[in-house]
Amino acid sequence: MLIYDLDFPALTELFKSWNEPAYRAKQVWQGLYQHYYDSAEQFTNLPNSLRAKLAEQFTFTPFKVKVFQDSSDGSTRKTLFELPDKNLIEAVLMRYGDPADNPQITPSSTGRGAKNRRTLCISTQAGCAMGCVFCATGQMGFKRNLSSGEIVAQVMYYARLLHKEDLTVTNVVLMGMGEPFHNYDHTMAAIDRLNDADGYNFGARRFTISTVGLVPQIRRFADEKRQVNLAISLHAADDEARVEMMPVNKRYKIEEVLEACSYYVMKTSRRVTFEWALINGVNDTPEVAKKLAARLRGLMCHVNAIPLNPTAGYSGKATDRARALIFKETLEQAGIPCTIRMRRGIDIQAGCGQLAGAQSSS
Ligand code: SAH
Ligand code: SF4
């Protein structure tokens, strides 16, 4: 059993069943999440017999590092993990704006307000069932859901790595392989585990979940009133265009998605982010921007636009910077805030939608 699959009450229960005192569970919990231990031997505050039992009963790493790659500017690291059943998943660390972290980045190249962030992008599934045509993960199809522990372990892997440099992960985005709301329970359990104040203590507001727009789950998420940030992958302003790009739109039309977003804003008083992959001539014209602004009017939101990253299975091209800026200005003139995100890690296929989990893609 993977030790990261247990939450604290389950760990406490287990130790009780082993006739161990309750404080042992806490020692293990702190070892895992505050000291980043990843083997039973490291728990030197436990008796030998208990360490041996831990080693026998649990695995501490659910995956092997198949390969890792750093982008040429050194700011982005992509790690390909191999799970015991041979499925591959990826997690990407993006360092923003700290020259001490990375002498190759200058603050001016990282944009305003981007200082000292280390954002980790993690996977929630091996593959994805949603089939968005522009996405490498969608192109490979669905393999399986990750367990909560497999999601947690990706964060702990990078946390351990950064800890060696006296650094920490500052943000976690669930924007790697898979659709988090298609693996809702495991995803939320992973967030709760990482959020635990006596453990890793990673603030809910530092997570961002991105969804293709599964309406019932957006509503459920709203009802749970979580402090986690919500991003919706929209990419088109009308159903005809969206269904061509995102098969999920057959099931949940834009109007329904936006109604669920209004419900979320009403329940949480939190702003929604809409993600928009800018594709040349497809969804980047001022007409589309105006249509989008009209649909979003009155909703507390902002648009995160990013020029499309290339993938093998899709012929669309990225919007260039000049057109992207016109798109942004058109939206903003119509009252919808918009940021153009920088593309990161393109040279190692670590950009959004490029995570195909195949070494050949790297
Ligand atoms: N399944 C979730 C989260 C993972 S995808 C979702 O779809 O929201 C993370 C983000 O990358 C989504 O906004 C997705 O639409 C976007 N994306 C996928 N392929 C892309 C590509 N080729 N270029 C740019 N963004 C892409
Ligand atoms: Fe799945 Fe998101 Fe890719 Fe769509 S964009 S196929 S939902 S990972």
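Assorted remarks:
- The slack between Thr339 and Met300, meaning 0.36 nm per residue of separation minus the straight C-alpha distance, is 12.5 nm.
- Rg(Cα) / (2.2 N^0.38 Å) computed for the range 1-70, rounded to two decimals: 1.17
- Beta-bridge orientation, the range 255-354: approximately 15 percent antiparallel, per DSSP, counting only bridges with both partners inside.
- For the residues Tyr23, Tyr252, Tyr184, a GNM of the chain with alpha-carbon springs under 10 Å puts the largest fluctuation on Tyr23.
- Values of log10 I(q)/I(0), in the order q = 0.11, 0.12 Å⁻¹, for the chain under a Debye, Cα-only, solvent-free model: -0.76, -0.90
- Distance in nm between pseudo-label sites at Lys164 and Ser262 (7 Å out along the Cβ direction from Cα): 5.2
- By DSSP, the beta bridges lying fully in the range 178-329 are antiparallel in about 10 percent of cases.
- Total charge dipole magnitude, the chain, about the Cα centre, Cβ charges on Lys, Arg, Asp, Glu only, Debye to nearest 20: 520
- Cross-link pairs Lys53/Lys78; Lys66/Lys164; Lys250/Lys317 - those with Cα-Cα distance over 26 Å: Lys53/Lys78
- Sequence ranges 124-133, 150-159, ranked by mean other-Cβ count within 10 angstrom, highest first: 150-159, 124-133
- Each residue of the range 196-205 was assigned a 3J(HN,Hα) from its phi angle through the Karplus curve 6.51 cos²θ - 1.76 cosθ + 1.60 (θ = phi - 60°); the sequence is 3, 5, 8, x, 6, 6, 8, x, 4, 5 Hz, with glycine and proline shown as x.
- C-alpha center-to-center spacing [the range 240-277, the range 24-102] in angstrom: 35
- Projecting the Cα positions of Cys261, Val155, Met94 onto the charge dipole of the chain (unit charges on Cβ atoms of Lys, Arg, Asp and Glu, taken about the Cα centre) puts Cys261 furthest along the positive direction.
- Expressed to the nearest 5 percent, the antiparallel share of DSSP beta bridges inside the chain is 50 percent.
- If you model the range 203-275 as an ellipsoid using its alpha carbon gyration tensor, with each semi-axis the square root of five times an eigenvalue, the axes come out at 22, 12, 9 Å, biggest first.
Read the figures in this text as sums done on the coordinates, not as results from a lab. Given the structure is predicted, the values throughout are model-derived calculations rather than measurements. Methodologically, a virtual Cβ is constructed for each residue, glycine included, from the backbone with ideal geometry; neighbour enumeration extends over all protein chains shown.
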